[in-house]
Ligand SMILES: Nc1ncnc2c1ncn2[C@@H]1O[C@H](COP(=O)(O)OP(=O)(O)O)[C@@H](O)[C@H]1O
Ligand SMILES: Cc1cn([C@H]2C[C@H](O)[C@@H](COP(=O)(O)OP(=O)(O)O)O2)c(=O)[nH]c1=O
């Protein structure tokens, strides 16, 4: 079996983990084997461990966006065998964040004139140099920053920090730039095919079941 790779993307607290789990559950219930891989893999890889230290504020924050991007890419590179195994065993592999997260977040740390170059650099590092597979579909989960912040505060404690908001989550201006980067990547089809799904309808949060149902409907 060669699994279809579906990357769920979006800002912090957009509802990615919830949507990824629900998409896999709906597919499995319909007899289509699916699994979820969530990045970063904090506890499983060296890159993930160092990132946990970074996001928890225990490393110097003067590190350049390229250095940080390399750690996220390393976490996926170290996971190549796990990705290959999941792809071999399942019809659909759902990524809770993938390469586009690195592009959206690191490009949000540099000036607008540098953002494009950095996105291209990250895509080449991950796909050409590290040999990671391109996703078949990147799904941008569109949740306004204020709604996402409310959802982050509902999360359970994370492994890498005691704070309610980690380094990136606390920075609202950064979250707004991340959203703009995702919208641009989706519009231009960077890394391949994109679709956008809104988590709100008439100003209210849609149920995870409804959001996932729309996503499953996009998988042909
Ligand atoms: N559609 C939804 N309706 C209600 N609560 C949600 C929905 N999506 C996510 N949540 C809740 O919001 C919080 C953050 O969601 P999560 O999926 O962990 O976001 P992300 O992975 O994008 O950071 C969790 O407590 C989750 O249960
Ligand atoms: C996977 C990935 C995440 N990130 C960022 C986005 C998030 O702000 C942060 C942590 O990822 P996140 O998925 O939010 O972890 P958790 O749900 O445990 O808080 O890392 C990147 O910058 N590049 C990447 O490749």
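The values are calculated or read from the model by the stated rules, or taken from the named source; none is laboratory data. Nothing here was measured: the structure is a model prediction, and the numbers come from that model. Because the Cβ atoms are built from the backbone with ideal geometry, glycine has one as well, and the counts that use them run over all protein chains shown.
Scanning region 88-100 for residues that are modelled with pLDDT of 95 or more and over 22 Å from residue 141 (Cβ atoms) turns up at least one hit.
The number of residues in region 1-46 being more than 10 Å from ligand 2 (Cβ to nearest atom), part of a loop (DSSP other than H, G, I, E, B) and closer than 23 Å to residue 143 by Cα comes to 1. Within region 74-88, residues that are touching a residue at least 60 places away in the same chain (Cβ under 8 Å) and at positive phi reach no partner that is outside any helix (DSSP H, G or I) and away from ligand 2 (no atom under 13 Å from the Cβ) with beta carbons closer than 8 Å at six or more positions or on different chains. When the residues of region 81-97 are filtered to those that are within 15 Å of ligand 2 (Cβ to nearest atom) and farther than 13 Å from residue 34 by Cβ, the one that is nearest to the chain's Cα centre (by Cα) is 97. Considering region 111-143, the residues that are in a loop (DSSP other than H, G, I, E, B) and at pLDDT 95 or above include one that is surrounded by the fewest Cβ atoms within 10 Å (Cβ to Cβ), namely 131.
Each residue in region 144-189 was checked for being within 9 Å of ligand 2 (Cβ to nearest atom), closer than 17 Å to residue 112 by Cα and touching a helix residue (DSSP H, G or I) at 6+ places or on another chain (Cβ under 7 Å), and 2 pass.
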